[in-house]
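The values are calculated or read from the model by the stated rules, or taken from the named source; none is laboratory data. Computed from a predicted model, the values in this text were never measured in an experiment. Cβ: placed from backbone, ideal geometry, glycine included. Neighbour counts: every protein chain shown. Heavy atoms of the whole protein, side chains included, go into the accessibility calculation; ligands, DNA and RNA do not. Shrake-Rupley method; radii C 1.70, N 1.55, O 1.52, S 1.80 Å.
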Amino acid sequence: MGLLTFAVVEEQKFEWMRHHAEYEGRDATDEEIRAWYGSLPVGAVVRARGIAENALGSYAEEVEASFSDSVREELKCSALIGEIRQVRRFWPQFALSVAAGLTSSILFAALLFTTAFLVLNDRSPVELGARIISSTTQGSTDDHK
């Protein structure tokens, strides 16, 4: 900011020197240039700083606009490339999805079959014990005959 402010003041000095050369018919001496610097009001630096801030603000807006345009283009290109890559990966993903669906169906069917077998063939330990006892007592009565 300071360098740009100095450049604005220097530009004013060159304009004064051009004006001096036109009306005096000669270039300004070093003494006259020092006198010009000394005659500058305090507000001249403040005005120069304001001009510098405006110039930097305008430049920043231009850079931001060009940067955002390039970023937008880059995002469009990367999104397009991403979509193309996903299309290439469709068939492997599809095959994995079908395999996972078949596996989960088989596991669900096995779980359902096991649950149905246990529910429909109600084999409680008490019933098994009663059948074993009844078959041994029946077998022993058959042996005595």
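Here the calculated FRET efficiency for Leu75 and Ala35, from their Cβ-Cβ distance with R0 = 41 Å, stands at 0.10, rounded to the nearest 0.05.
Computed in the context of the full set of protein chains, the accessible area of the chain at 1.4 Å probe radius has 65% of its extent on carbon or sulfur. Test of the criteria: in the range 1-64, which trypsin sites (Lys or Arg not before Pro) are in a DSSP loop and have at most 11 other Cβ atoms within 10 angstrom of their Cβ? Answer by residue number: Arg26.
The residues of the chain have, on average, 85 Å² of accessible surface per residue, using a 1.4 Å probe with all protein chains present. For Phe67 and Ala44, what is the calculated FRET efficiency with R₀ set at 30 Å and r taken between the beta-carbons, to the nearest 0.05? So, using R0 = 30 Å, E works out to roughly 0.30.
Site pair Glu11 and Leu96 shows an inter-label distance of 6.0 nm when each label is modelled 7 Å from Cα along Cα→Cβ. Largest GNM mean-square fluctuation among Phe90, Phe67, Phe108, using the chain with Cα springs under 10 Å: Phe108.
Mean separation of Cα pairs under 8 Å and 6 or more residues apart, divided by the residue count, gives the chain a relative contact order of 23 percent.
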